[in-house]
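The values are calculated or read from the model by the stated rules, or taken from the named source; none is laboratory data. Here the structure is a predicted model, which is why all the values come from computation and not from measurement. Glycine gets a Cβ as well: all are built from the backbone with ideal geometry, and neighbour counts include every protein chain shown.
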């Protein structure tokens, strides 16, 4: 809860007032002094975050709106709780090419990207949209032939993802430059062995 409140940039007092509870209740949930809230409270919590964001500039809500997505973005999801990178890799039937900084790491979301459309359509500014609400996420590139183009794009832009998944190629076809960039940037690089894009996105949605 604290992670999402901070992502939206909303203070405890403002959120508590919106929910009709004391700020200490939110503090207790965030610190773990209270047991996990029920689904009903989580729904109210999410609605309150969105309403407070809209009452302000509404920047984050607009950014997450499907109408703002580029056609290069096939799917974009956020997790309510952090997901261990190793569990994400297992879900995509991944083979690790570069381990990078994987020890004890977790992600808060993922974005599935059509690599061909991304290369043809996305500017450096548009590339920021791939990160959704936070940068602690996996970027999953589909229709990949060697992995060079996605990794070059990651190298020359900022911020950097916590994990990169390549789909559409065999592990042995990963370009040496792509692997070298991942190593230099300390980003785990993984090839998904799942056959189709549809199966890949379906498996990922079960994680969200």
Check residue 155 against each of (1) in contact with a strand residue (DSSP E or B) (Cβ under 9 Å, 6 or more places away or on another chain); (2) more than 16 Å from residue 83 (Cβ to Cβ); (3) buried (at least 17 other Cβ atoms within 10 Å of the Cβ) and name the one condition it does not meet. (1)
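Given the criterion under 20 Å from residue 208 (Cα atoms), over 22 Å from the mean Cα position of the chain (by Cα) and at pLDDT below 90, identify the matching residue among 26, 50, 46, 39.
Numbers: 26 fails: under 20 Å from residue 208 (Cα atoms); 50 fails: over 22 Å from the mean Cα position of the chain (by Cα); 46 fails: over 22 Å from the mean Cα position of the chain (by Cα).
Sole residue among the options that is under 20 Å from residue 208 (Cα atoms), over 22 Å from the mean Cα position of the chain (by Cα) and at pLDDT below 90: 39.
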Yes or no: residue 10 touching a helix residue (DSSP H, G or I) at 6+ places or on another chain (Cβ under 7 Å), in a helix (DSSP H, G or I) and either modelled with pLDDT of 80 or more or within 26 Å of residue 190 (Cα to Cα) (or both)? no
Which of the residues belonging to segment 13-32 are outside any loop (DSSP other than H, G, I, E, B), exposed (fewer than 14 other Cβ atoms within 10 Å of the Cβ) and out of contact with any helix residue (DSSP H, G or I) (no Cβ under 7 Å at 6 or more places or on another chain)? 24, 28, 31
Residues satisfying the stated conditions in segment 167-188, i.e. over 15 Å from the mean Cα position of the chain (by Cα) and surrounded by 22 or more Cβ atoms within 10 Å (Cβ to Cβ): 167, 174, 178, 181, 182
Is it true that some residue in segment 77-97 is modelled with pLDDT under 90 and on the phi > 0 side of the Ramachandran plot? no
